[in-house]
Amino acid sequence: MQEAKVIMGVGSRVKHPAYGEGAIIRLHMAAYDVCFMTYGVKLVGKDYDKWEIIETIPAEETVTFTDAERSLMKVLRTWGEIGEIVPLGDKWENGQLILQPGEEGIKSKEMPIEAFFHKIVMTRDRLRVMEQRVNSSKLSDEEKVNLQQYITKIYGSLTSFNVLFKYKEDHFVGEKS
């Protein structure tokens with residue numbers, strides 16, 4: 001159990017004895033809105049002291065809706081392993097991916113480009129989850145940095161697929177020189 005008077009900010013993670021793990025998504029004068037994976041959003045008083053504080057993010061003066069939304073998406077990606085909806089570039093809709101082997105007698109492989117795109121997006125989402133789990137793990141800082149470098153290199157290897165994305169903010173980004 002932790003001391004009752006710790007004021008946590010949006011994004012702080014907690015473990016409630018009844019609701020399980022959750023994250024603070026909004027601050028009120030005397031309470032927190034906490035999003036629990038199984039039970040949804042619950043109002044919990046700031047004086048509540050029966051939960052375990054997993055990670056504290058300092059409270060800020062004001063919290064915007066965008067900040068809360070970003071924090072909630074981070075929590076859902078980390079713990080819920082959900083995938084976000086990412087639009088395919090318009091020019092690729094209803095397209096076909098065709099893999100033509102260079103060797104005679106081997107059949108080509110065709111699939112809807114939407115199915116291939118979905119696999120790329122799921123790869124990116126799972127990399128993000130892995131990245132969050134590395135960051136929240138009990139590994140040493142050096143081990144975390146080493147694993148982060150590999151993840152960044154994987155993102156870099158996947159930049160060839162950026163042509164499929166409709167919006168630039170959905171692109172893979174690797175190491176920057």
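Values in this text are rule-based calculations from the coordinates and carry no lab data. These numbers come from a predicted model, not from an experiment. Cβ: placed from backbone, ideal geometry, glycine included. Neighbour counts: every protein chain shown.
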Next item on the list: Could I have the simple spin-label model distance between His28 and Lys166, label points 7 Å from Cα toward Cβ, reported in nm to one decimal?
Entry: 3.7 nm
Item checked: Inter-label distance, nm, simple model (7 Å from Cα along the C-beta direction), Leu43/Met130 -> 4.3 nm
Next item on the list: With a 10 Å radius around each residue's Cβ, average the other Cβ atoms per peptide and rank 19-26, 151-158, 107-114, highest first.
Entry: 19-26, 151-158, 107-114
Check: Residues with amide H under 5 Å of Arg26's amide H, sequence separation 5 or more or different chain, H placed in the peptide plane at 1.01 Å from N; which?
Finding: Asp33
Margin query: Which entries of Lys119/Lys153; Lys15/Lys119; Lys15/Lys153; Lys15/Lys168; Lys109/Lys168; Lys42/Lys138 have Cα-Cα distances beyond 26 Å here?
Written below: Lys15/Lys119; Lys15/Lys153; Lys15/Lys168; Lys109/Lys168; Lys42/Lys138
Item checked: Ile98 paired with Met111, simple spin-label distance in nm, labels 7 Å along Cα-to-beta-carbon -> 1.8 nm
